[in-house]
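Below is one structure; the comments refer to it alone.
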Amino acid sequence: MHPRHAGLRAAWLGLLDEVRVGRTSVDAARARGRELFEGWYPSLAESAERYRVECLHCHGVEGGGDGPSAQFIEPRPRDFRHGVFKYTALTQPSRPRREDLLRTLTEGLNGTSMPSFARLSLAERHGLADLVRLLAIRGEVERRLAGAFADEGEIDDDAIAEETADLYERWRSTEDKVVVAESEMPPVTPELIARGAALFRDTTKGNCSSCHGENGAGDGVAAWKVGLDGRREAAYLDAWGRPILPRDLRHGILRGGSRPIDVYRRIWSGIPGTPMPALGTAKGPDGEPVLSSADVWSLVHFVQSLARSVPEPSGQAER
């Protein structure tokens with residue numbers, strides 16, 4: 001088998017040359033090519049080159065979301081250096097699992113400029129996940145060290161190794177944080193949708209309407225404020241310092257996925273880096289959970305029902 005970290009392209013060209021000069025048969029080259037393809041895994045240098053070609057123009061050289069195309073894209077590409085990733089299957093705050101990164105790479109993010117990279121081999125997508133993790137860890141280490149230097153005026157000799165080890169452990173120990181529904185998803189019924197609608201609007205329960213609006217149009221009163229210039233503007237900033245508005249749920253464009261379990265996880269654990277709270281772990285004044293797992297499923301059914309009742313376009317462009 002070709003060495004593990006050799007580039008596939010170079011290896012395949014070598015096989016073609018062997019066939020061309022008669023050093024190996026076509027059948028033997030095919031067998032070796034299959035073995036090479038199934039066993040190859042990109043080196044970090046090869047993944048960095050793939051990142052340069054596929055990702056850098058949006059996410060930037062250091063993963064800061066500041067590539068040359070970023071200024072023309074809304075929402076802006078993710079800045080990996082904060083270690084905050086919105087769409088995972090985990091309780092927050094948690095660093096994503098490899099499966100979470102691979103899902104984003106494979107499926108893209110609906111409603112954004114993040115495309116699917118399913119055309120790449122699985123090994124290449126794994127390699128890109130490796131590089132994203134490297135950029136995120138390096139970025140977080142640098143941010144921590146910069147903060148320590150600002151506070152203390154110096155950086156301890158062992159600080160880099162200590163911070164890197166701490167962050168690597170946070171990335172490694174995520175498997176036990178996967179959000180698994182505490183109850184099975186009930187079948188969709190008008191009664192459950194009505195129950196979800198009531199929870200959606202109840203200020204002591206879901207209270208979703210305060211941001212998403214009574215009918216899920218993203219126009220809730222809590223989402224807006226009056227700026228210094230007297231104009232209405234977004235009330236919240238995300239973790240990257242940019243204004244953020246609630247999703248208009250009527251269009252069914254759910255960036256973290258539209259499967260019922262995806263919606264369940266967004267409601268249960270919130271969306272890291274945004275004002276979207278974790279309702280599944282919220283407690284009331286009496287210390288009891290605000291919502292049960294069954295309540296969350298009712299909200300899931302209601303949210304998904306909103307996308308089935310989108311009004312006809314009025315001809316007026318949405319902001």
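Numbers at a glance
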read-out: Amide proton proximity set for Trp224, modelled H, under 5 Å, gap of 5+; value: Ala235
read-out: Label-to-label distance, nm, for residues given as Ser43 and Ser25 (7 Å Cα→Cβ offset); value: 3.4
read-out: Pairwise FRET efficiency - Glu182 versus Asp286, Cβ, R0 = 22 Å, nearest 0.05; value: 0.65
read-out: Which label in (i) 29, 22, 19; (ii) 41, 26, 21; (iii) 33, 22, 18 gives the computed semi-axes √(5λ) of the Cα gyration tensor in Å; value: (ii)
read-out: 5 angstrom amide H check on Gly270, placed H, neighbours 5+ away; value: Leu279, Gly280
read-out: Listed residue (His251, Val303, Gly280) projecting farthest to the positive dipole end of region 190-309, Cβ model; value: His251
read-out: In order through region 11-27: 3J(HN,Hα) via Karplus (6.51 cos²θ - 1.76 cosθ + 1.60), integer Hz, x for Gly, Pro; value: 5, 5, 4, x, 5, 4, 5, 5, 5, 4, 8, x, 7, 8, 7, 4, 5
read-out: Karplus-derived 3J(HN,Hα), 6.51/-1.76/1.60, for each residue of region 186-202, Hz, glycine and proline x; value: x, x, 6, 9, x, 5, 5, 4, 5, 4, x, 4, 5, 5, 4, 9, 7
read-out: Built amide H within the under 5 Å cut-off of Leu90, gap 5+; value: Val179
read-out: Burial ranking of peptide ranges 93-105, 111-123, 294-306 (average Cβ count within 10 Å, highest at the top); value: 294-306, 93-105, 111-123
read-out: Among Ile193, Ile244, Ile73: highest mean-square fluctuation, GNM of the chain, C-alpha pairs under 10 Å; value: Ile73
read-out: Cross-link reach list, lysines versus Lys177, counting only Cα pairs under 20 Å and skipping chain neighbours closer than eight places; value: Lys86, Lys283
read-out: ³J(HN,Hα) computed for each position of region 234-245 - Karplus, 6.51 cos²θ - 1.76 cosθ + 1.60, integer Hz, glycine/proline x; value: 4, 7, 10, 10, 7, 5, 9, x, 10, x, 9, 10
read-out: Inter-label distance, nm, simple model (7 Å from Cα along the C-beta direction), Glu62/Thr189; value: 5.7
read-out: Listed residues Gly287, Gly216, Gly63, most fluctuating in the chain (Gaussian network, C-alpha, under 10 Å); value: Gly287
read-out: Rounded FRET efficiency, nearest 0.05, which uses the C-beta distance separating Arg143 from Ile261 and R0 of 30 Å; value: 0.35
read-out: Extension gain (nm, one decimal) between Arg52 and Leu228, 0.36 nm per residue minus Cα-Cα; value: 59.2 nm
read-out: Within region 129-182, GluC sites (Glu not before Pro) in DSSP loop having at most 16 other beta-carbon neighbours inside 10 Å; value: Glu154, Glu182
read-out: Diffusion constant of region 41-174 at 4 °C, which comes from Stokes-Einstein with the Kirkwood Cα-pair radius and 1.567 mPa s, µm²/s; value: 83
read-out: Charge tally in the Cβ shell below 14 Å around Ser116, where Lys, Arg are +1 and Asp, Glu are -1, Ser116 excluded; value: +1
read-out: Spin-label pair Glu74/Thr203, simplified geometry with 7 Å Cα→Cβ offset, distance in nm; value: 3.2
read-out: Estimated 222 nm signal from helices in the chain, with DSSP H stretches of n ≥ 4 weighted -39500 (n - 2.57), rounded to 500; value: -13500 deg cm²/dmol
read-out: Of Asp176, Asp248, Asp130, the one that fluctuates the most in a GNM where the chain has Cα springs shorter than 10 Å; value: Asp176
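Computed from the coordinates by the stated procedures, all read-outs in this text should not be read as laboratory data. It should be emphasised that the depicted structure is a prediction, and the values quoted were computed from it without experimental measurement. Virtual Cβ from ideal backbone geometry, glycine too; neighbours counted across all protein chains shown.
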